[in-house]
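Here's the structure, in structure tokens; my notes come after.
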């Protein structure tokens, strides 16, 4: 996944056929970079339970991070898991093995075009403007010093 995307607007989130019952209560920014809050959709806690929409930090923070500083540093570097290496890379191995799959609903994302020799952002989205989702992994991290987990707001 790229470093910048525009999450789906709250009103359009329900337009995605994911079986979400409730809309997120928490707001998220109109453009999301690593370490920003953004909506994700995860499977229900038990089989048969509907999917949940959470507002979480963009960039996976592995559970083995020791403190908030390391978590922020890792979150800035772990926003792009690759399917061919996710099962073996230390940052992604746990969530991959535990099947902590997520969908990131969005309106569009940006990718750099280097034709001019400089990175020019190109907006990528559906031609009809409808929202879509990109696959991802998620993890719950707890700060050992405070015993707290960063906020993840359920719907």
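Which value at 222 nm does the chain reach when only helices count, each DSSP H run of 4 or more adding -39,500 (n - 2.57), with the total divided by all residues and rounded to the nearest 500 deg cm²/dmol? Write out the running numbers ahead of the final one.
Values: 3 runs with 20 residues, N = 155.
Using -39500 (n - 2.57) per qualifying helix, the result is -3000 deg cm²/dmol.
Starting from the 7 Å offset along Cα-to-Cβ, what nm value, one decimal, do you get for the label separation of residue 72 and residue 142?
Between residue 72 and residue 142, the label points sit 2.3 nm apart.
Stretch residue 89-residue 46 to full length: gain in nm at 0.36 nm per residue minus the Cα-Cα span?
The span from residue 89 to residue 46 would gain 12.8 nm if fully extended.
Can you compute the FRET efficiency between residue 127 and residue 101 using 1/(1 + (r/R0)^6), with r the Cβ-Cβ distance and R0 = 30 Å? Round to the nearest 0.05.
0.65
If we sort 136-144, 79-87 on the protection proxy, mean other Cβ atoms within 10 Å, highest first, what's the order? It would help to have the intermediate numbers written out before the result.
Working: 136-144: 17.2, 79-87: 12.1.
Highest mean packing first, the order is 136-144, 79-87.
Applying a 10 Å radius around every beta-carbon, put 90-97, 113-120, 102-109 in order of their mean neighbour count, most first.
Ranking, from highest mean packing down: 102-109, 90-97, 113-120.
For a quick protection proxy, order the peptides 46-54, 67-75 by their average other-Cβ count within 10 Å, most packed first.
The densest-packed peptide leads the list: 67-75, 46-54.
Here, each number is a calculation from the coordinates, and none is a lab measurement. Values in this document were obtained by computation on a predicted structure and should not be read as measured data. Here Cβ is always computed from backbone atoms with ideal geometry, including for glycine, and neighbour counts include all displayed protein chains.
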